[in-house]
Amino acid sequence: MKKQLKFVVNGNPYDIWIEPRLLLVQVLRDELGLKGTHRACDEGCCCVCTVNIDGKAVKSCSVLAMQANGKEVTTIEGMKNGAELHPIQQAFVDNWAFQCGFCTSGQIMASNALLKENPTPTREEVQHAMDGHLCRCTGYNMINEAIRDAAGRLQAQKAQEKTK
Amino acid sequence: MADTNYRCPCCRKISPDPHDLARHYLGQTDTKHKEWLKTKGHSYAQLITWQVTEFGNKGYDALAEVLEKEAPRVEA
Amino acid sequence: MSEYSIIGKPTKNVDGPAKVSGEAVYTFDMTLPNMLYGKLLRSPYPHARIISIDTSEAEKLQGVKAVITGKDTPGGRYGLWRRFPELCDQTTLAMDKVRFIGDAVAAVAAVSTEIAEQALDFINVEYELLPAVFEPLEAIKDDAPLIHDDCSNNINITRHVEWGDVDEGFKNSDYVREDRFIYGNQATASTEVHNSLASYEKSTGRLTVWSSTQSPYYLQLGLSDALKMREGDIRVIKPHVGGGFGGKNSTMPDSLNAAVLSMKTGRPVKIVYNREEEFTCTERRTAMNMAVKLGLKKDGTIMAREVKLITDGGAYTALGPTALYLTGTYASLPYKIPNYRYDGLRAYTNKMWATSVRSFGATEAGFAFEAQMDRAAHDLGIDPIEIRRKNAMTPGYEAPGQYSVGSCGLSECIDKVEKRVKEKWTGLAEDEGVGYACFDYQCGGIFNWIDTPYAFSGAMVKVNIDGTVDLFTQASDIGQGTNTVSVMICAEELGVGIEDIRLHPADTATTPVDLGAWASRETMMNGNAIKEAAAEVKKILIRVARLKLAENIVYDFEAKNKRIYLAIRPERGFSYYDIVKDAIKENDGQALIGIGHYTPHRKGMVTPAWAFGCMASRVKVDREIGHVKVKEIIVAHDCGQPINPLGVRGQVEGSIHLGMGWGLCEEQPNDNGMILNPSFADYKVVRTRDMPQIELHEVLTYDPEGPFGAKESAEGAVAPTPASIANAIYQATGAEINSNTLKPEKVLNAIREAEKKKPAKR
């Protein structure tokens, strides 16, 4: 029997009826057509499917969609500001912090949550926060640099906004 | 230059050197080549195992001895 | 060489904005209207004859649209080593027997993945169990069960390489050592699982397949052979791919069965593996047993080397023979060996098959060679750097009848690493060691085992009236940055900006053949084809400019920054726009198209060029628990001329990551054909906290064979990583480890063995 799911995804409110057994990643990808969140292991071992729920990094394969009821979900599709890349996205591009790109959405969403909690992380702090993320391409160091570069950009942006 | 060459007992390969012929021979995995070895009291599996597990050319050397005696000769 | 506008400058990934915003489309993300979902039924047994398959109950399930078994497929045999038909040993589904746990025996198409999965349980297969064999030496015995009925002794392929007089070489050596090494399997474990979407058009008899593949052309050939269709009736499109690492070269049951199911149902069908299938039913790195003998003079000069190798091929051929061949080549590099012998054999076994995985052959050969060099250096009282320097490959070397070496910056790389280690790593802590390893890697392969009549890479460039460019290349970007390199090379040659080029990649219907992404071939081969195509158009544009300026024939023109101009008087020239328009007009209005191709010639049997390098790893060993921490890596690398330094760094660091995995933790233990850890929970990989800082230096050598002098950078740094780590452990503790992985219990046991022989600190 279907249940009502009311939540906000990337700023858009949704009111849909779904089978309660569905995972959040399934609803995002298959019901809402948001394919930017990828799936790689379906066991909570790789963090590729990471999204934000109320600003926190969450593995969308490890929560039921119904657990997002009443909450605000942000996926990779919600990061751009119109046509402009978010500073984290731009930092990833500028630092060659992806190769095949399949894990990148999850990396960026996790970074988004991390930098809200810790705006100026050290290399080790980034390593610790991102340790669950599987990447087979990059060797991780360039991702780490991109995240810290993004931290700097966000701090600069914040400082600029303060002076306005 | 050798006066005679050796011909492979099972195909048209010709070589002046029984060792070189042995090398050719152990590269062939068809039934005909393997059966001929059996008639001479050798096993393909044993020869190739020697060749790929022991230092030296033990498999080729053993087969070269046989070919020197048994392989038909053709004029150079 | 003149200053480049684009080559050698750090350049952002042309796919970057799409990849960071979730807009890049992978096969995994694709759907088509009316699409069905497919699933494969797999054998639970390693070796069995199929007596009967009853699909009637599965067909009755609501939502199931088709169920097929081997008899419903065209039954064509396919494989990658097409030059030898007997090695084309795979079919779409198992026909009469299954040969490994996971071999596909039936396929279902249904309206949802869940229903397709349920339907599998309703397919009844009656098997007659056959004795199975899992060890190569057992498999080649006369009384071993035959895995392929037409292949006696289960010997897939052998190889012998010999030059000089090895036995004489050993006789003349002052020091000879023999060692045996054992290597286990490694998974590719790409983040995007194998998946394909097939759409068959009954009205035209044409098939389109989108697939997560490393080679659209190879997939097209595999489909053609297996389905007995004309190549031209099959279109393969490669969307973005979430990693390959060698595991997506082969044509797989997902694409073949999606195609047959689409033919049967008249609807598009998509098959997506789950992660367990990805670990157990795809391809693995080749496991090997290697015996190596090395002879040196007492001053450390190598006199002779001998290598005996058995590889565990698994149930099918795939690209496994290439691993056998290349190990024989890499065991003779990167040091000069005047007398060399190699014997290798690949045996079939009843396991998931083994194939080409990143740096195949080089990693395994390198681990053994570098270990022997360190141990020989120790016994002879020679510095580990000195012994490498003394024997290092040099430019212009010829391995008789095998390969030649063009440019080679290995000595410079060794010097660089030595200098940096002395400067940076002063004062090692307790139980810390520094290990060295040199490396080399090829730029694509020459031996045409796929048996193609086509040039190995082709490209087409169309320059439009406004100076924009359409670049058509089938080269496969699977993350290594080939798309960006392609655009950079084209832009540099034509003198336009990267932003002016639209890339049309990896579609067999619209692009000339390229053999795909393997053995680091794309920059060299695809790059050369693109450069030639662009040069063809540039020639036309320069001719028009010359005529317009009416300059003396001795003066040269250049194309840069969207201008064609006199090299000695840059202010005399024309904008691209004007010249392109004139060129089109003077050629009867025909589009300006350039076509390029590349196949290596007169370069021996292996590769047109070699990249080289040297690596040092600083490692701390915990003697209590055997844990190994890689603290830092310094690597000097000769890739000729980096096209994109950002991309090169990415490839080197990615290689180091995979090398660390092979060396430290990636294992697939196997019990009677069953892989015991088919999940990321149990298949241990290197994560971000394990990664050391990496200091990378590029040594420029400019190889004339490569586009703008470039050589490979995608795989070379895999091999020296586990080798230098193992050597660092050896230097710190004396522990000799002759197998991967360097897991704690093994390191601990090796340390204890070493302590028995000599004092604790060396």
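In the stretch C:694-726, the qualifying residues are those that are part of a helix (DSSP H, G or I) and touching a Lys or Arg at 6+ places or on another chain (Cβ under 9 Å), and the one that is farthest from C:I7 (Cα to Cα) is C:P707.
Annotation note: Cβ proximity below 7 Å between a residue of the stretch C:166-181 that is within 21 Å of C:P722 (Cβ to Cβ) and a residue that is of a type in the set (S, T, Y) and in a strand (DSSP E or B) (sequence gap 6+ or interchain) occurs for C:F181/C:S739. If you go through the stretch C:727-760 and keep only what is of a type in the set (S, T, Y) and in a loop (DSSP other than H, G, I, E, B), you end up with just C:T741.
Residues that are in a helix (DSSP H, G or I) and out of contact with any strand residue (DSSP E or B) (no Cβ under 9 Å at 6 or more places or on another chain) are absent from the stretch C:234-251 altogether. Within the stretch A:60-101, the set of residues being within 12 Å of chain C (Cβ to nearest Cβ), charged (D, E, K, R) and part of a strand (DSSP E or B) comprises A:E84 only.
When each of A:R148, A:R123, A:R153, A:R136 is tested for being of a type in the set (D, E, K, R), crowded, with 23+ Cβ neighbours inside 10 Å and either closer than 30 Å to C:V652 by Cα or more than 14 Å from chain C (Cβ to nearest Cβ) (or both), the lone residue that passes is A:R136. For the condition within 14 Å of chain A (Cβ to nearest Cβ) and either of a type in the set (D, E) or over 26 Å from the mean Cα position of the chain (by Cα) (or both), C:Y37 qualifies. Could you list, in sequence order, the residues of the stretch B:34-45 that are buried (at least 16 other Cβ atoms within 10 Å of the Cβ) and facing another protein chain (nearest Cβ under 10 Å)? If the condition is that a residue be buried (at least 16 other Cβ atoms within 10 Å of the Cβ) and facing another protein chain (nearest Cβ under 10 Å), then B:K34, B:Y44, B:A45 are the ones that fit. Candidates are the residues of the stretch C:258-274 that are in contact with a Lys or Arg (Cβ under 9 Å, 6 or more places away or on another chain) and in a helix (DSSP H, G or I); the one that is nearest to C:D29 (Cα to Cα) is C:A258. Just one of the listed residues (C:E666, C:E632, C:E624) is within 14 Å of chain A (Cβ to nearest Cβ) and part of a loop (DSSP other than H, G, I, E, B), and it is C:E666. Residues being over 30 Å from C:A331 (Cα atoms), touching a Gly at 6+ places or on another chain (Cβ under 8 Å) and modelled with pLDDT of 95 or more are entirely absent from the stretch C:145-160.
Among the residues of the stretch C:296-321, those identified as over 21 Å from C:Q668 (Cα atoms) and part of a loop (DSSP other than H, G, I, E, B) are C:K297, C:K298, C:D299, C:G300, C:T301. Taking the listed residues C:G659, C:G706, the one that is within 30 Å of C:Y273 (Cβ to Cβ), crowded, with 21+ Cβ neighbours inside 10 Å and not assigned by TED's automatic domain parsing to the domain that holds C:N528 is C:G659, with no other qualifying.
Checking each residue in the stretch C:610-641 for being more than 16 Å from the chain's Cα centre (by Cα) and within 22 Å of C:T394 (Cβ to Cβ) picks out C:F612, C:G613, C:C614, C:M615, C:A616, C:V635, C:A636, C:H637, C:D638, C:C639, C:G640, C:Q641.
Annotation note: of C:D225, C:D254, the sole residue that is assigned to a helix (DSSP H, G or I) and within 30 Å of A:T104 (Cα to Cα) is C:D254. Only one of the numbered conditions (1) surrounded by 16 or more Cβ atoms within 10 Å (Cβ to Cβ); (2) of a type in the set (S, T, Y); (3) within 11 Å of chain C (Cβ to nearest Cβ) is violated by B:Y6, and that is (3).
The values are calculated or read from the model by the stated rules, or taken from the named source; none is laboratory data. Everything numeric in this text was worked out from a predicted model, so none of it was measured. Heads up, the Cβs are rebuilt from the backbone with ideal geometry, glycines too, and the neighbour counts pull from every protein chain shown.
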